[in-house]
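Asker: Structure provided below as structure tokens; questions to follow.
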Amino acid sequence: MRILELDAGNSRLKWRLLNSGHIISHGFLANSEDWQYELPKLLDQIGPVDSARAAIVSGDERFAQLSAAVNQHFNVSLLKAEVKEQCRGVKAAYPGLGVDRWLAMLAAHHLDRAENKEPCNKMVVSCGTAITIDLLSAGGNHLGGYIVPGVGLMKSMLHTRTAQLPMVAAETSTIMPGTSTAGCINNGILAMAVAMINTQQAQYKTACGKDCLVYLTGGDATLIHPYLGECYHHPALVMDGLALAFEQEGSNSVI
């Protein structure tokens with residue numbers, strides 16, 4: 001069975017195609033592109049599918065657009081993932097949790113089993129438009145988390161809310177003090193993100209008296225990963241959670 005999976009975030013539409021459970025192709029479409037033109041081309045490129053499912057954080061209008069396009073191209077309904085209080089051994093800390101964070105936790109919780117590891121406490125960190133941190137106990141209890149602006153959003157806020165600071169588009173690869181205005185912004189924002197993640201990991205380890213592994217995903221994960229402690233980088237964490245959620249409920253059901 002060929003299954004199309006979509007992760008519609010605030011900056012990009014990530015997609016992958018599964019055939020009998022194996023990933024055969026994947027990619028993304030930037031939200032800044034002309035979707036009316038690019039989306040049909042993308043679906044033509046993907047080819048026929050038997051089923052389609054999606055995680056949507058970019059709004060109902062985006063889901064309606066994706067759903068109509070998928071139905072027109074493949075004659076299948078686009079199934080939309082929605083958060084449940086309990087699913088696949090994970091229990092949400094509060095209602096209204098973002099579906100991307102929820103799916104990432106489902107995947108992280110099951111990585112222990114997939115990799116034959118002893119269950120452990122985790123921090124699930126997504127570094128995208130926003131940086132989100134979710135604390136997850138070894139038993140699957142979500143203990144809450146944090147949401148702060150991501151690296152790009154912090155740069156944009158500094159530029160738009162100050163009179164003279166420039167918009168810095170270049171990526172940075174160091175947390176050392178900057179020697180120019182652009183360097184100070186770049187390195188400072190990266191240092192803030194790294195410090196937050198490392199501090200919360202240390203705090204969680206102290207509070208529970210056990211190790212806490214970081215599971216990292218998101219578009220800016222490669223910038224942050226080198227400066228973290230014990231950490232596993234899983235770029236497809238949300239997609240993996242999407243597959244797990246629908247595997248639980250059946251391919252023709254919305255979770």
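The values are calculated or read from the model by the stated rules, or taken from the named source; none is laboratory data. Just so you know, these numbers come straight off a predicted model, no measurement behind them. We place every Cβ from the backbone using ideal geometry, glycine too, and count neighbours over all the protein chains shown. Accessible surface is based on the protein model in full, side chains and every heavy atom, while ligands, DNA and RNA are left aside. Shrake-Rupley method; radii C 1.70, N 1.55, O 1.52, S 1.80 Å.
Asker: For Asp50, what accessible area in Å² do you get when you roll a 1.4 Å probe over the heavy atoms of the protein chains, rounding to the nearest 10?
Answerer: That residue has around 90 Å² of solvent-accessible surface.
Asker: Output the antiparallel fraction of DSSP beta bridges having both residues in region 1-110, as a percent to the nearest 5.
Answerer: Numbers: 17 of 26 bridges.
Just about 65 percent of them are antiparallel.
Asker: Express the accessible area of region 93-233 per residue in Å², computed with a 1.4 Å probe while the remaining protein chains stay in the model.
Answerer: Details: 6660 Å² over 141 residues.
Heavy-atom accessible area per residue stands at 47 Å².
Asker: Next question, about the same structure. In Å³ and rounded to a whole number, note down the convex hull volume per residue for the Cα atoms of the chain.
Answerer: 137
Asker: Peptides 7-16, 77-86: what's the order by average Cβ count within 10 Å, highest mean first?
Answerer: Values: 7-16: 20.9, 77-86: 16.8.
With the highest mean Cβ count within 10 Å placed first, the list reads 7-16, 77-86.
Asker: I'd like the Kirkwood hydrodynamic radius of region 115-164, using the inverse of the mean 1/r over distinct C-alpha pairs, in Å. Show your work: numbers first, answer last.
Answerer: Values: mean 1/r = 0.0777 Å⁻¹.
Here the Kirkwood hydrodynamic radius works out to 12.9 Å.
Asker: Further question: Filter the GluC sites (Glu not before Pro) in region 195-252 down to the DSSP loop ones having no more than 15 other Cβ atoms within 10 Å, then list what survives. Mind showing how you got there, number by number?
Answerer: Values: sites: Glu230, Glu247, Glu249; in loops: Glu230.
Passing both the DSSP loop test and the Cβ count: Glu230.
Asker: If R0 is 22 Å, what FRET efficiency do you get for Ile23 and Lys117 from their C-beta distance, rounded to 0.05?
Answerer: 0.50
Asker: Follow-up. Using a cut-off of 18 Å between alpha-carbon atoms, which aspartates and glutamates can reach Lys155, once sequence neighbours fewer than 8 places away in the same chain are excluded?
Answerer: Excluding near neighbours in sequence, the set is Glu171, Asp220.
Asker: Going highest first, how would you order 133-141, 118-126 by mean Cβ packing within 10 Å? Walk me through the numbers on the way to the answer.
Answerer: On the way: 133-141: 19.3, 118-126: 21.2.
In decreasing order of mean packing, 133-141, 118-126 become 118-126, 133-141.
Asker: Carbon and sulfur: what percent of the chain's accessible surface (1.4 Å probe)? Present the calculation step by step, with values, prior to reporting the outcome.
Answerer: Details: 6400 of 12430 Å².
Summing carbon and sulfur atoms, their accessible area is 52 percent of the total for the chain.
Asker: Still on this structure, please answer the following. Show me 159-169, 54-64, 39-49 ranked by packing, highest mean number of other Cβ atoms within 10 Å first.
Answerer: Working: 159-169: 10.7, 54-64: 16.4, 39-49: 14.6.
Going by the mean number of other Cβ atoms within 10 Å, highest first, we get 54-64, 39-49, 159-169.
Asker: So how much slack lies between Glu247 and Ala138, counting 0.36 nm per residue of separation and subtracting their Cα-Cα distance, in nm? Numbers along the way, then the final one.
Answerer: Details: separation 109, 0.36 × 109 = 39.24 nm, distance 2.18 nm.
Length gained, Glu247 through Ala138: 37.1 nm.
Asker: Just the projected area, averaged over all directions, of the convex hull on the alpha carbon atoms of region 20-93: how many nm²?
Answerer: On the way: hull surface 26.0 nm².
Mean orientational projected area (region 20-93, Cα hull): 6.5 nm².
Asker: Please state the Cα pair-distance histogram of region 134-255 with 10 angstrom bins from zero: what percent is in each bin?
Answerer: With 10 Å bins starting at 0, P(r) equals 11, 34, 29, 18, 6, 1.
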